[in-house]
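Read-outs throughout are calculated quantities, based only on the coordinates presented, and are distinct from any laboratory measurement. Source: prediction; values computed, not measured. In this analysis, Cβ positions are derived from the backbone assuming ideal geometry, glycine residues included, and neighbour counts consider all displayed protein chains.
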Ligand SMILES: Cc1ncc(COP(=O)(O)O)c(C=O)c1O
């Protein structure tokens, strides 16, 4: 967003006019910013066969998926409906990877029928897969390599802190047994990089350990480093330079392929990197209130629309777009859910009055996709600004949406 001629705009469209056209609260996505993020992600890689599989759980709207497809990404999905949406958006099944965790084997069978790439992250389902498909169907395995990566600050980071995910490297012998007993064809090794992606050096250390594991498998077609790449949300926390990461990883991966004896594809599954800073939640201040010294700005939204601040203590920059020249004051910005519902505490904003528009930044990822109708409030509409034009890509909920699946019985 930019401040131009005294008003905040997104690709030439003023926030006031977006509210006039589509109402408040409103999710707004900037297609140009998403395209720029895809371009940036690719920039550092020059020689390897990079495949970006957009993790669509971050923002699943079909128009966004079409934008990804148009820009040459694949798709990372975690449920059958996500696969269906990907197919509807025009992705070929082979461009899609299914990386669920903790699912019944029947979901994996359905995904196989749909023709997508399968990624399995536990021994139980891998055994069922081996018994059913033998060597007929390739499978990628998600590993939990328990790699400790030492940063310059002596801080120790673990790949896969959450032990729920992945097949432990201690269980590789069981995977190898399935290979020889059932002819299981392992075509990919997957690691969800997550917190280890802090600096290229840390990442490369971890990647080398993954390559060592990969050398034990003969039928690989790709290595998938997952997602979890943090983005700069304005809180001063360290994030990785993805171009530098690409430049560092490119020759290392090429060298690994040479050692492996074949050119493999290099996959990543970024979600938030592609969409987080491309999205905004436009809200309206409906209430100004003082309580025990605190200055509250109450907006027409809440954690039912954007749960990250309450769930993860996530930082989101806020802008009072209605008062670009106003003096700074300190506010606690709250939502309308009948529980503690903070978007920001003690935050400096240009003086806010009732009726002002308060835009919450970095709302493109895990915003709408984690939204609910809690308190029986409607989920917002979604708008995509594409080629300079703001277009509705999802309608606001209505009362009918809230009750349509309820079955009223006589009491
Ligand atoms: C396997 C996998 N891939 C990709 C992602 C996307 O992560 P992010 O949006 O942080 O890039 C996740 C996030 O949960 C994940 O679990």
Exposure-ranked with fewest Cβ neighbours within 10 Å first, 38, 189 stand as 38, 189
Rounded to the nearest 0.05, what FRET efficiency do residue 265 and residue 107 give with R0 = 22 Å and r taken as the Cβ-Cβ distance? Could you check? 0.35
Please give the length that would be gained between residue 88 and residue 338 if that part of the chain were fully extended, namely 0.36 nm times their separation in residues minus their C-alpha to C-alpha distance (nm, one decimal). 86.2 nm
Region 340-360 scanned against label point 7 Å out from residue 292 along Cα→C-beta; backbone N under 17 Å for 340-342, 345-346
At a Förster radius of 51 Å, what calculated FRET efficiency corresponds to the Cβ-Cβ distance of residue 181 and residue 313, to the nearest 0.05? 0.60
On C-alpha positions alone, give me the angle between the axis of helix 172-182 and the longest principal axis of the chain, in degrees, nearest 10. 60
Would you mind classifying region 187-275 by shape? Square roots of the alpha carbon gyration tensor eigenvalues, ordered a ≥ b ≥ c; an a/c under 1.5 is rounded, otherwise it is prolate if a/b is larger than b/c and oblate if not. prolate
For region 60-270: rounded, prolate or oblate by the Cα gyration tensor [a/c cutoff 1.5]: oblate
Compute the Cα gyration tensor for the chain, then decide on rounded, prolate or oblate, letting a ≥ b ≥ c be the square roots of its eigenvalues: rounded whenever a/c is under 1.5, prolate when a/b is larger than b/c in the other cases, and oblate in all that remain. prolate
Förster radius 22 Å - calculated FRET efficiency between residue 170 and residue 212, Cβ distance, rounded to 0.05: 0.90
Have a look at the DSSP beta bridges in region 60-270 and tell me what percent are antiparallel, nearest 5. 15
Looking only at the chain, where both bridge partners belong to it, what percent of the DSSP beta bridges are antiparallel (to the nearest 5)? 50
Dividing the mean separation of Cα pairs under 8 Å (6+ apart) by the residue count of the chain yields a relative contact order in percent of 20
Kindly work out what percent of the DSSP beta bridges joining two residues of region 263-372 are antiparallel, to the nearest 5. 85
Measure nothing fancy, just the Cα-based angle from helix 105-114's long axis to the longest principal axis of the chain, in degrees from 0 to 90, nearest 10. 90
Ranked by GNM mean-square fluctuation in the chain (Cα springs under 10 Å), the top entry among 111, 314, 244 is 314
Per-residue [θ]222 nm for the chain (sum of -39500 (n - 2.57) over DSSP H runs n ≥ 4, rounded to 500): -8500 deg cm²/dmol
